[in-house]
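Here's the structure, in structure tokens; my notes come after.
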Amino acid sequence: GPVRARLIQGPAQSPDGKRLAFSALTHLYVMDVPGGRPSRLTSSDAREFLPAWSPDGQWLSYVTWSEQGGHIWKTRADGQGAPQQLTRVPAFYSDPVWTPDGARIVALRASRQQRIAQRGLGRSLDMIWIPAEGGDANLIVPARGSGTPHFASEKDRVYVYNFQQGVVSMRFDG
């Protein structure tokens, strides 16, 4: 019979607060809250994690992970159409977040080899941005222990948390 997931990963509430996206059993799901039934958003065999809503609630970005490397993707939040691969180079991507204007996605990135080896991953991550329509990754800064990129109301400032410095603000040019 069906398997009932009791653990979800990376829950993300939609901007209007009416839906929840999450990963369970390595796939992406979305549901109405409260009381909705989860429905699978994609049909890929890839391992899908860390959904993030676009500011308008129309799109979800997420990462895929595999031994060959992963990518950042986006898909319509209503499940219509095929997911779009946004990154060009396989790597270990994490913590994707949309800019307030929806034009870019900021994420952390490590090489495939660094992820497999699991050595020094926290120090070897780069903070990057990509256009929301996909394209080349642009380096903001080597993360050096910073993580959890997020935004306030400004579209040109990225905030990260650093264990030594606390919350740090920077522009897209680092």
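Which percent of the accessible area of the chain is formed by carbon and sulfur heavy atoms (probe 1.4 angstrom)?
Working: 4730 of 9750 Å².
Its accessible area is 49 percent carbon and sulfur atoms.
Among 152, 77, 110, the residue with the largest mean-square fluctuation in a Gaussian network model of the chain, with springs joining Cα atoms closer than 10 Å, is 152.
Can you tell me the FRET efficiency between residue 136 and residue 31 if r is taken as the Cβ-Cβ distance and R0 is 35 Å, rounded to the nearest 0.05? Mind dumping the intermediate values first?
On the way: r = 34 Å, r/R0 = 0.98.
About 0.55, to the nearest 0.05.
For the chain, what does the accessible surface come to per residue with a 1.4 Å probe? Please give it in Å². Write out the running numbers ahead of the final one.
Working: 9750 Å² over 174 residues.
On a per-residue basis, the chain sits at 56 Å².
Principal axis extents of the Cα atoms in the chain, from largest to smallest and rounded to whole angstrom, are 47, 37, 30.
If you take the square roots of the eigenvalues of the alpha-carbon gyration tensor of the range 23-104 and sort them as a ≥ b ≥ c, do you get rounded (a/c under 1.5), prolate (a/b over b/c) or oblate? Each step should come with its number before you reach the end.
Details: a/c = 1.85, a/b = 1.21, b/c = 1.53.
Judged from the Cα gyration tensor, the range 23-104 comes out oblate (a/c at least 1.5, b/c at or above a/b).
Taken along the Cα-to-beta-carbon direction at a fixed 7 Å, the label points for residue 13 and residue 39 span 2.2 nm.
Remark on residue 137: its backbone amide H falls under 5 Å from those of 88, a criterion applied only to residues 5 or more positions apart or on other chains, H modelled at 1.01 Å from N.
The values are calculated or read from the model by the stated rules, or taken from the named source; none is laboratory data. Just so it is clear, the model here is predicted, and its values are computed rather than measured. All Cβ positions, glycine included, derive from the backbone under ideal geometry; neighbour counts span all protein chains shown. Areas reflect the complete protein model, heavy atoms only, side chains present, ligands, DNA and RNA absent. Shrake-Rupley method; radii C 1.70, N 1.55, O 1.52, S 1.80 Å.
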